[in-house]
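Student: Structure below; questions to follow.
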Amino acid sequence: MSELFVPVLLTIITASTPLVFAAAGEVVVEKSGVLNLGVEGMMIVGAVIAFAVGVKTESAALAIISGAAGGMLTAFIFGFLTLRLLANQVATGLALTIFGLGLSALIGHGFVGKTFSGLPKIGVPFLEQIPVLGPLLFVHDILVYLSVIAVFLITYVFNKTRLGLIIRAVGENHHAAHSIGYSIVWVRMGCILFGGSMAGLGGAYLSLAYTPLWVEGMTAGRGWIALALVVFASWRAWRAFFGAYLFGGITIIQLHAQGFGVDIASQFLSMLPYLATIVVLVLISNNSSRMMLNAPADLGKSFHASD
Amino acid sequence: MRLELRGQVSERMVYCSPVFAVIMTFLTGMLIFSFLGVNPTQAIITFFVEPVSSIDGVAELCVKATPLVLIAIGLSFCFRANIWNIGAEGQLTIGALAGGGLGLLFFNSSSQFLMPGMLIFGILGGMVWAGIPAFLKIKFGTNEILTSLMLTYIALLILSYLIHGPWKDPEGQNFPESRLFPEAGLLPIILDETRLHLGWIITLICVPVAWILMTYHLIGFQIRVMGMAPMASNFAGFRGKNIIWISFLISGGLAGLAGTIEVSGPIGQIIPVISPGYGFTAIIVAFLGRLHPIGCLLSGLLMALTYLGGDNAQIELNLPNAVTGVFQGMLLFFLLASDVLVRYRIQIIGYKNKHRNVE
């Protein structure tokens, strides 16, 4: 039994990790009251830069760092436009996605068909020898561990630290937070940059470990699914983590379904993650009082002291 | 330097900022070209002048602008009402399948009613697909940004299924393409020896109609009020639900129309890739055109030029045509950035202002 299921479960982890990064990062961004719809764009820029650096330097560490930096730089454009120039967040996010897809294709032009050796697997000493659970949970590449640590840290920061409280205050009522002396722009900029680097890591995981190849438009809507996951998770990082695994599971099961003799055209199975997103959104938003309680009150609003 | 809220929206800046954005995009574009090792002046000529230096080129520009303008006009209604339909690409695809499907069903017809029928089916197809996020938003309060986008991916998969399966041309050597539409299912060419088709005329008719609807009709007024002041719209007794329906159906219908025009105009059959992202580019067109039908027409032409320029740059300068996407994204960035001047004025903080009371 385990010989059959461990590989399937392992691929689920691989498919879910990019979503974990992107969704957890966006939780932080939205908690600070900013709606960044450019996750897809930041992810794909992270993916292409990580891959390009990986191919050029053969160094996994450099590739990962530059993927995160790529996402962060893209996020900076968004932060500058929405925070300093008070541009509409929805429109700027869309622009970021369009720009990111174009820019990544331009950068990745010379890297189509190149290969990267993939990320090395690191086993946790002793724990990796546990039968079944060992290979399943304790032999992964660095980014899988990092995704779990990041979710844990984000949850901790929001629930137990002053920093988390400040971010939440800025997201709930920016005028109140401003009046007691917090810099709305810098708190939000910090969160946007963090979210960008997380999206970049998610993209880097796609191009370094998931495929590992560069294909134009390879994020294929994952950034958008991550945005839906944030709503699904009602703005909690650990719920976003489980949501990401749910979606990763659906993605992989759809791939294996035909192997198990399910006689449906592959396109219909590929629709499942997108359909599931819609269904989940409907179920969540149907309970509007709960939505209102959890959504940051100033989500998506521009801040200017004179307003 | 800091921003100061203007007492009133600056009318002048509303029209100046697109011009400013275009100029900035040109300048940054030249910088990028020189970075890529291409002579910037040469590149700008290749990109923006050469493609339209012949009758054929101008005709091609209009062909490309047709879907962009149509979709952008529809989106203007949505965006004005603060409704974020970003699934126009999916609505275009379903429209193309609905209209094109009718053409395939009557593949040996020569009836003059086939073409109008296809266009109507296309509009209905787009409306159905846009109706889903509208329904979900009204009934469950579901965020329309995400649902309309997810429906785009689903629409593209339906297209892929149909042309790999039931709609594949039986005599097509297994290529994933439908059979060709009959002559009666193709939009007539209106300028000999070019690809300029009747769709351009349809677009030119839609522009004033949409203008009247938006500026002088009650529906347009309600849409604008709901977007600018939702509370006032409520007090006035406008029905929010109806406005959501109307703006979604207008934009879905126009996107569906654009899809049918694409397949029955320049393409002539159903193929795996119907649109190179017109539905997304149209978002930029709508904003650049100030959410106004006439503006959409002008900005649609400009954006069509970036497609032609991208293709030309690929052939002449050996640049990847992804440059187009970079240009389009940059244009929207600059536009959004300069739009700050519509509501705020830049104030250079000097001696005088330092000692003024800040309200």
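Student: I'm checking my understanding of the structure. Among residues of the stretch B:268-289 that are more than 13 Å from the chain's Cα centre (by Cα) and crowded, with 20+ Cβ neighbours inside 10 Å, which one is farthest from B:Leu196 (Cα to Cα)? Can you show your working first?
Tutor: Our first condition is that a residue be more than 13 Å from the chain's Cα centre (by Cα); within the stretch B:268-289, this holds for B:268-274.
Remaining after also requiring crowded, with 20+ Cβ neighbours inside 10 Å: B:269-270, B:274.
Details: B:Gln269: 17, B:Ile270: 19, B:Ile274: 17 Å.
Looking at residues that are more than 13 Å from the chain's Cα centre (by Cα) and crowded, with 20+ Cβ neighbours inside 10 Å, I get B:Ile270.
Student: Only one residue in A:Phe116, A:Phe99 is in contact (Cβ under 8 Å) with a residue 40 or more places away in the chain, part of a loop (DSSP other than H, G, I, E, B) and farther than 17 Å from A:Ser32 by Cβ. Which one?
Tutor: Values: A:Phe99 fails: part of a loop (DSSP other than H, G, I, E, B).
The unique qualifying residue is A:Phe116.
Student: Any residue at all in the stretch A:26-40 that is away from chain B (no Cβ under 13 Å), in contact (Cβ under 8 Å) with a residue 24 or more places away in the chain and over 17 Å from the mean Cα position of the chain (by Cα)? Explain how you work it out, then say what you get.
Tutor: First pass over the stretch A:26-40, keeping only residues away from chain B (no Cβ under 13 Å): A:27-29, A:31-34.
Remaining after also requiring in contact (Cβ under 8 Å) with a residue 24 or more places away in the chain: A:27-29, A:31-34.
Adding the requirement that they be over 17 Å from the mean Cα position of the chain (by Cα) leaves A:33.
Yes: one or more hits.
Student: Looking at the stretch B:132-155, which of the residues that are of a type in the set (Ser, Thr, Tyr) and facing chain A (nearest Cβ under 9 Å) is farthest from B:Ile94 (Cα to Cα)?
Tutor: Going through the stretch B:132-155, the residues of a type in the set (Ser, Thr, Tyr) turn out to be B:142, B:147-148, B:152-153.
In the following step, the residues that additionally are facing chain A (nearest Cβ under 9 Å) were identified as B:142, B:147, B:152-153.
Details: B:Thr142: 21, B:Thr147: 15, B:Thr152: 9, B:Tyr153: 11 Å.
My answer is B:Thr142.
Student: A:Phe76 - would you say it is at the interface with another protein chain (Cβ under 7 Å from one of its Cβ atoms) and either farther than 22 Å from B:Trp84 by Cα or not hydroxyl-bearing (Ser, Thr, Tyr) (or both)?
Tutor: Working: at the interface with another protein chain (Cβ under 7 Å from one of its Cβ atoms): no; either farther than 22 Å from B:Trp84 by Cα or not hydroxyl-bearing (Ser, Thr, Tyr) (or both): yes.
No: the conditions fail for A:Phe76.
Student: Now a separate question. Please go through the stretch A:119-152 and give me each residue that is in contact (Cβ under 8 Å) with a residue 24 or more places away in the chain, aliphatic (A, V, I, L, M) and in contact with an Asp or Glu (Cβ under 9 Å, 6 or more places away or on another chain), ordered by number.
Tutor: A:Leu119
Student: Might you let me know whether the stretch B:156-173 holds any residue that is more than 10 Å from chain A (Cβ to nearest Cβ), out of contact with any Pro (no Cβ under 8 Å at 6 or more places or on another chain) and in a helix (DSSP H, G or I)?
Tutor: The answer is no; no qualifying residue exists.
Student: Moving to a separate point now. What residue, among those in the stretch B:1-15 that are touching a residue at least 60 places away in the same chain (Cβ under 8 Å) and away from every other protein chain (no Cβ under 12 Å), is surrounded by the fewest Cβ atoms within 10 Å (Cβ to Cβ)?
Tutor: Initial filter on the stretch B:1-15 (touching a residue at least 60 places away in the same chain (Cβ under 8 Å)): B:1-6, B:9-10, B:13-15.
Restricting the remaining residues to those that are away from every other protein chain (no Cβ under 12 Å) gives B:9-10, B:13-15.
On the way: B:Val9: 9, B:Ser10: 16, B:Met13: 18, B:Val14: 15, B:Tyr15: 13.
That would be B:Val9.
Student: May I ask you to verify whether B:Thr66 is of a type in the set (S, T, N, Q), buried (at least 22 other Cβ atoms within 10 Å of the Cβ) and part of a helix (DSSP H, G or I)? Walk me through how you get there before you give the answer.
Tutor: On the way: of a type in the set (S, T, N, Q): yes; buried (at least 22 other Cβ atoms within 10 Å of the Cβ): yes; part of a helix (DSSP H, G or I): yes.
So B:Thr66 passes the test.
Student: Quick one: is A:Ala226 without any contact (Cβ under 8 Å) to a residue 40 or more places away in the chain and either surrounded by 20 or more Cβ atoms within 10 Å (Cβ to Cβ) or at the interface with another protein chain (Cβ under 10 Å from one of its Cβ atoms) (or both)? Spell out how you get there, then give the answer.
Tutor: Working: without any contact (Cβ under 8 Å) to a residue 40 or more places away in the chain: no; either surrounded by 20 or more Cβ atoms within 10 Å (Cβ to Cβ) or at the interface with another protein chain (Cβ under 10 Å from one of its Cβ atoms) (or both): yes.
In short, no.
Student: Mind listing whichever residues of the stretch B:289-309 are of a type in the set (Lys, Arg) and free of Cβ contacts under 8 Å to residues at least 40 places away in the same chain?
Tutor: From the stretch B:289-309, those of a type in the set (Lys, Arg) are B:290; that's our starting set.
Result: no residue meets the conditions.
Student: Same structure again: For B:Ser338, work out the one condition from (1) more than 14 Å from chain A (Cβ to nearest Cβ); (2) more than 25 Å from B:Thr46 (Cα to Cα); (3) touching a residue at least 24 places away in the same chain (Cβ under 8 Å) it doesn't fulfil.
Tutor: Looking at each condition in turn, B:Ser338 falls short on (1).
Student: Say whether the condition of being surrounded by 14 or more Cβ atoms within 10 Å (Cβ to Cβ), out of contact with any strand residue (DSSP E or B) (no Cβ under 8 Å at 6 or more places or on another chain), more than 30 Å from A:Ser302 (Cα to Cα) and of a type in the set (Lys, Arg) is met by at least one residue in the stretch A:147-168.
Tutor: Checked the stretch A:147-168: no residue is surrounded by 14 or more Cβ atoms within 10 Å (Cβ to Cβ), out of contact with any strand residue (DSSP E or B) (no Cβ under 8 Å at 6 or more places or on another chain), more than 30 Å from A:Ser302 (Cα to Cα) and of a type in the set (Lys, Arg).
Let's see how each residue does on (1) surrounded by fewer than 19 Cβ atoms within 10 Å (Cβ to Cβ); (2) within 26 Å of B:Val63 (Cα to Cα):
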| residue | (1), (2) |
| --- | --- |
| B:Lys139 | yes, no |
| B:Leu151 | no, no |
| B:Ile163 | no, yes |
| B:Glu183 | yes, yes |
| B:Leu187 | no, yes |
| B:Asp192 | yes, yes |
| B:Thr203 | no, yes |
| B:Met214 | no, yes |
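Student: Right, something else. Which members of the stretch A:178-188 meet the condition of being within 24 Å of A:Ile77 (Cα to Cα) and either outside any helix (DSSP H, G or I) or touching a Lys or Arg at 6+ places or on another chain (Cβ under 9 Å) (or both)? Steps first, answer last, please.
Tutor: To start, the set of residues in the stretch A:178-188 that are within 24 Å of A:Ile77 (Cα to Cα) comprises A:178, A:182-188.
Answer for the stretch A:178-188, where residues must be within 24 Å of A:Ile77 (Cα to Cα) and either outside any helix (DSSP H, G or I) or touching a Lys or Arg at 6+ places or on another chain (Cβ under 9 Å) (or both): A:Tyr182, A:Ser183, A:Val185.
Student: In the stretch B:106-129, what residues are more than 14 Å from chain A (Cβ to nearest Cβ) and under 16 Å from B:Ser247 (Cα atoms)? Can you show your working first?
Tutor: Quick first cut of the stretch B:106-129, residues more than 14 Å from chain A (Cβ to nearest Cβ) only: B:106-128.
Hits for the stretch B:106-129 are B:Ile123, B:Leu124, B:Gly125, B:Gly126, B:Met127, B:Val128.
Student: Any idea which residue in the stretch B:310-326 is surrounded by the fewest Cβ atoms within 10 Å (Cβ to Cβ), counting only those that are without any contact (Cβ under 8 Å) to a residue 24 or more places away in the chain, more than 8 Å from chain A (Cβ to nearest Cβ) and not in a helix (DSSP H, G or I)?
Tutor: Residue satisfying both the conditions and the ranking: B:Asn318.
Student: Is at least one residue of the stretch A:79-86 assigned to a helix (DSSP H, G or I), within 16 Å of the chain's Cα centre (by Cα) and crowded, with 24+ Cβ neighbours inside 10 Å? Break it down into steps so the answer makes sense when it comes.
Tutor: Within the stretch A:79-86, the subset assigned to a helix (DSSP H, G or I) is A:79-84.
If we keep only those that are within 16 Å of the chain's Cα centre (by Cα) as well, we get none.
Scanning the stretch A:79-86, I find no residue that is assigned to a helix (DSSP H, G or I), within 16 Å of the chain's Cα centre (by Cα) and crowded, with 24+ Cβ neighbours inside 10 Å, so the answer is no.
Student: Continuing with the same structure: Just a yes or no: is a residue in the stretch B:75-89 in contact with a His (Cβ under 9 Å, 6 or more places away or on another chain), within 14 Å of another protein chain (Cβ to nearest Cβ) and not charged (D, E, K, R)?
Tutor: Yes: the stretch B:75-89 contains one or more residues that are in contact with a His (Cβ under 9 Å, 6 or more places away or on another chain), within 14 Å of another protein chain (Cβ to nearest Cβ) and not charged (D, E, K, R).
Student: Let me ask something additional. Can you say whether A:Phe116 is crowded, with 16+ Cβ neighbours inside 10 Å, aromatic (Phe, Trp, Tyr) and either over 16 Å from A:Pro18 (Cβ atoms) or within 14 Å of another protein chain (Cβ to nearest Cβ) (or both), as far as the supplied structure shows?
Tutor: Working: crowded, with 16+ Cβ neighbours inside 10 Å: yes; aromatic (Phe, Trp, Tyr): yes; either over 16 Å from A:Pro18 (Cβ atoms) or within 14 Å of another protein chain (Cβ to nearest Cβ) (or both): no.
Spelling it out, it is not the case that A:Phe116 is crowded, with 16+ Cβ neighbours inside 10 Å, aromatic (Phe, Trp, Tyr) and either over 16 Å from A:Pro18 (Cβ atoms) or within 14 Å of another protein chain (Cβ to nearest Cβ) (or both).
A short reminder: the numbers here are calculations on the coordinates, not readings from a lab. Computed from a prediction, not measured in an experiment: that's the story for all the values here. Neighbour counts are summed over all protein chains in view; Cβ atoms, including those assigned to glycine, are modelled from backbone coordinates with ideal geometry.
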